[in-house]
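What follows is one structure encoded as structure tokens, with my remarks underneath.
The values are calculated or read from the model by the stated rules, or taken from the named source; none is laboratory data. Remember, it's a predicted structure, so these values are computed and weren't measured experimentally. Heads up, the Cβs are rebuilt from the backbone with ideal geometry, glycines too, and the neighbour counts pull from every protein chain shown.
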Amino acid sequence: MEIPCQVHRVIDLLKILDESKVSPFISFTREQWSSLRDSTPLTISEDDLAIIRGINEKISLREVEDIYLPLSRLINLYFNAAQMLYNARKAFLKENGGMVPYVIGMAGSVAVGKSTTGRLLKTLISRWPGSPKVELIATDGFLLPNSELEKRGLMNRKGFPESYDVRNLIRFLYELKSGKGELKIPVYSHLTYDIVPGKFQDVKTPDIVILEGLNVLQTRSTMAQQSYHELFVSDFFDFSIYVDADEAHIKKWFIDRFLVLYETAFRNPQSYFRKYSELSREEAVEVASSIWEEINGVNLRQNIEPTKYHAHLILRKGPDHSVEEIFMRKI
């Protein structure tokens, strides 16, 4: 498959950044990052984690304490600073009106653990003092319906930038950041692998929104062509996170997850992937590996990984899904 020239330019830039002795990021080992928790209390139990965990993820309370409590503290500091700035601007303009939602963007590959990270952060943030109202939104709801993807010949490009209704996503974020009180967004079913007709997620005056998706940090290529009034999704973020790992690890996690679904959800008669449940285990591994190499791996290399340096924070995972390194953008 031919790689677009702009991807080559991004890859060359990433090599320069990796080889350079200077960096716009501060790096932390797990131990260094853990020390930044300070006195942030642990507000999550094992019962909470049982609900939060994704398929084949073994996130522990120790991981929460070492990685996610310092992250929760950092986001809290940023959020409070945004509130102070808002109050200063309101005093300057002598105006009334509430603060618009604080938006956290979260990007990363399929199977890297974005959804679990999003659910965990939502729980931690909602238990801050003052109990802010937090909405977790996946960009899956902004995928084009299968009928439209089939019409455009994009069913094998699902998850690529061109498979999303970017105009609708930008419109939603525009209205959210404009202070519109009640919004509705489409609902996506992982069982039927499609948008659910006539079903919507209600978003009513949240304090904080976590937007999780593959390409939310993208600012170029196809995303640019589909943007609404030349705006990008990332233009609406107050804070952003990229969940990172070696591709070899992510591929293994994807295959492991596929095998769990092969033995469970795929056997549901309503599942779009019902046909895969009839394969032998060896055939299932081959199919999962093929899907990765032909679709998800390509999307990661061409569209997702090149965006990670746009994030305010990068969480880099090791082979067991635990975070080993953290990179925070310098201010």
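What residue, among those in the stretch 278-290 that are in contact (Cβ under 8 Å) with a residue 12 or more places away in the chain and surrounded by fewer than 18 Cβ atoms within 10 Å (Cβ to Cβ), is nearest to Tyr193 (Cα to Cα)?
Val287
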Subject >> Of all residues in the stretch 112-126 being basic (Lys, Arg) and more than 9 Å from the chain's Cα centre (by Cα), the one that is farthest from Arg301 (Cα to Cα) >> reply: Lys122
**OP:** Specify which of the listed residues (Leu121, Leu69, Leu143) is more than 15 Å from Val216 (Cα to Cα), out of contact with any Lys or Arg (no Cβ under 6 Å at 6 or more places or on another chain), of a type in the set (A, V, I, L, M) and modelled with pLDDT of 95 or more.
**Re:** Leu121
Original post:
Somewhere in the stretch 81-94, is a residue within 21 Å of Gly213 (Cα to Cα) and in contact (Cβ under 8 Å) with a residue 40 or more places away in the chain?
Top reply: no
Original post:
Among the numbered criteria (1) within 21 Å of Gly130 (Cα to Cα); (2) in contact with a helix residue (DSSP H, G or I) (Cβ under 7 Å, 6 or more places away or on another chain); (3) in contact (Cβ under 8 Å) with a residue 60 or more places away in the chain, which single criterion is violated by Ser72?
Top reply: (3)
**OP:** Filter the stretch 308-326 for residues that are more than 18 Å from Ser115 (Cβ to Cβ) and part of a helix (DSSP H, G or I) and give the result.
**Re:** Tyr309, His310
**OP:** Give the residue that is farthest from Gly318 (Cα to Cα), with candidates limited to residues of the stretch 39-65 that are in contact (Cβ under 8 Å) with a residue 60 or more places away in the chain and among the charged types (D, E, K, R).
**Re:** Asp48
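Just to confirm my filter: which helices (runs of 4 or more DSSP H) fall fully inside the stretch 166-277 and include at least 3 residues that are closer than 19 Å to Glu135 by Cα and in contact (Cβ under 8 Å) with a residue 12 or more places away in the chain? Quick ask: steps written out before the conclusion?
Numbers: elements: 166-177, 221-226, 247-263.
The qualifying helices (runs of 4 or more DSSP H) are 166-177.
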